[in-house]
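As structure tokens, the structure follows; a few thoughts come after it.
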Amino acid sequence: MRLTRNSRAEEAIDAPGLMASIPDISLVGAPMALIGEGGEFLGANRDFSSLTGFTEPELKGMPLCMLLENAQPGKGASRGKSALTIKNGPAAHVSYTITQAPGTEISVLTVIPRTEARKLEEELTAKREELEKREKYIECFREGVLKMITDLDRSETELKGTLRNLQETQVQLVQSSKMTALGELSASLVHEISQPLTVIRGLTHGMLRTMKDSSEWHGKVRLIADAAARMEKIVKHLRTFSRSEPLVLSPVDINSVVKDAFLILNEHLLSHSIETILDLAPVPLALGNPNRLEQVVINLVTNARDAMPQGGVLTVSTKEEKTNGNPFIRLMVRDSGSGIPDDIVGKVFDPFFTTKESGKGTGLGLSISLGIVREHKGEIRVESVKGFGSAFHVIIPALSAASNPG
Ligand code: ADP
């Protein structure tokens, strides 16, 4: 805006080098005016004129206090609220700022009608609130994501655990369905074979008694009698396997079971150059069947013997253990024999799995033992290193006071 020269304004503007410092307010899109050193209007832009209703010539020379009652031009900047005189109308309420143009005595007055100022303030507050809301939402979202990640981690661990359990259950299921099928098959086989076997055994024994040792047939009949004896052994195994004998459970001392088994086994082991270490700690009673548990001991020890054909050391130990506060009895049968190769260790409990030569192994010892131990709500675990021996652990729950009120 070019200032129309008059009175003190002209003097101010004529001061050397001053023009360069006076701001051009004509292009600014807000009501603005220039105020001289004495507080009089020097000029105004179009917005200021349309707000006040005074033309620029009318404004020139007018004292500032005639238009803005509270405003005081002076050195530096000032701001405030005031009533603004409007030509032919009621005064308007405005916010104003007065800033001194650098290096001059001239000030720039800017006014903002209060309603507009309030609107701006309200918009600012609304924007600030919106921003706070968004910040809270982002914080909340962040916490949600963190929780989801933690939940996901937990779910993954749980899932892995469930999968492991599922795999174990599947293995047990396969094992138990095999056992059930074989149990049924064995029951009918035992029934069919027992009688003819008794006949064969009775007859061969009768024949052997009447034959001379040197006779041509004596050796052949002896072979038949031995074969029948082996078959009887298998039938005896199968009878247990098919559960044709009723299971009667009573409080059992596992140490007595082991000692009873060794009454039969001791001599036998000695004749195979096997040194036996019995390490039987005092253990609580278990609810069990002593005959079947003895069979487990005999099966495990017989396998240990077979794994040490050149002799070795057999250790049988018992001890009490607690898992989650529940008492268990751990019976361990360890040998210093051949060990079990990694590729077959998972199969040793399978019915009819045997690595022994034909006629020696039935492949039923461990599957029967596992079946018996499971009847006692227990487990069998095997540890083995090929070439260094094996250890079979039988873990059976102890008879707690709660389950044995009598
Ligand atoms: P069997 O003794 O009639 O073969 P089992 O079910 O008792 O049947 O054993 C299955 C197989 O497990 C055995 O043939 C043998 O390969 C292996 N095994 C069991 N116990 C031992 C052991 N203590 N040391 C080495 N191998 C063993």
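For region 347-397, the tally of residues that are in a loop (DSSP other than H, G, I, E, B) and under 23 Å from PRO309 (Cα atoms) stands at 19. Determine if region 379-395 includes at least one residue that is free of Cβ contacts under 8 Å to residues at least 12 places away in the same chain, over 19 Å from LEU285 (Cα atoms), loosely packed, with under 14 Cβ neighbours inside 10 Å and of a type in the set (Val, Ile, Thr). Looking through region 379-395, none of the residues is free of Cβ contacts under 8 Å to residues at least 12 places away in the same chain, over 19 Å from LEU285 (Cα atoms), loosely packed, with under 14 Cβ neighbours inside 10 Å and of a type in the set (Val, Ile, Thr). Among what's in region 360-370 and is of a type in the set (Gly, Ala, Ser) and farther than 13 Å from ASN289 by Cα, pick the residue that is modelled with the lowest pLDDT. The residue in question is GLY361. Which residues, counting only those in region 275-301, are among the polar types (S, T, N, Q), within 15 Å of the ligand (Cβ to nearest atom) and within 43 Å of the chain's Cα centre (by Cα)? Those that are among the polar types (S, T, N, Q), within 15 Å of the ligand (Cβ to nearest atom) and within 43 Å of the chain's Cα centre (by Cα): GLN295, ASN299.
Selection of region 353-390 for residues being more than 8 Å from the ligand (Cβ to nearest atom) and aromatic (Phe, Trp, Tyr) yields only PHE388.
When the residues of region 303-323 are narrowed to those that are surrounded by 15 or more Cβ atoms within 10 Å (Cβ to Cβ) and part of a strand (DSSP E or B), which ends up farthest from the ligand (Cβ to nearest atom)? The qualifying residue farthest from the ligand (Cβ to nearest atom) is THR318. Cβ-Cβ contacts under 7 Å between residues 6 or more apart (or on different chains), taken from a first residue in region 329-353 that is under 21 Å from LYS319 (Cα atoms) to a second residue that is of a type in the set (Lys, Arg) and modelled with pLDDT of 95 or more, are listed as ARG330/LYS319. Can you name the residue in region 324-344 that is more than 19 Å from GLY378 (Cβ to Cβ) and crowded, with 16+ Cβ neighbours inside 10 Å and, of all such residues, is farthest from the ligand (Cβ to nearest atom)? So the residue we want is SER336.
The values are calculated or read from the model by the stated rules, or taken from the named source; none is laboratory data. Worth saying up front: this structure is predicted, and the values here are computed from it rather than measured. Neighbour counts are summed over all protein chains in view; Cβ atoms, including those assigned to glycine, are modelled from backbone coordinates with ideal geometry.
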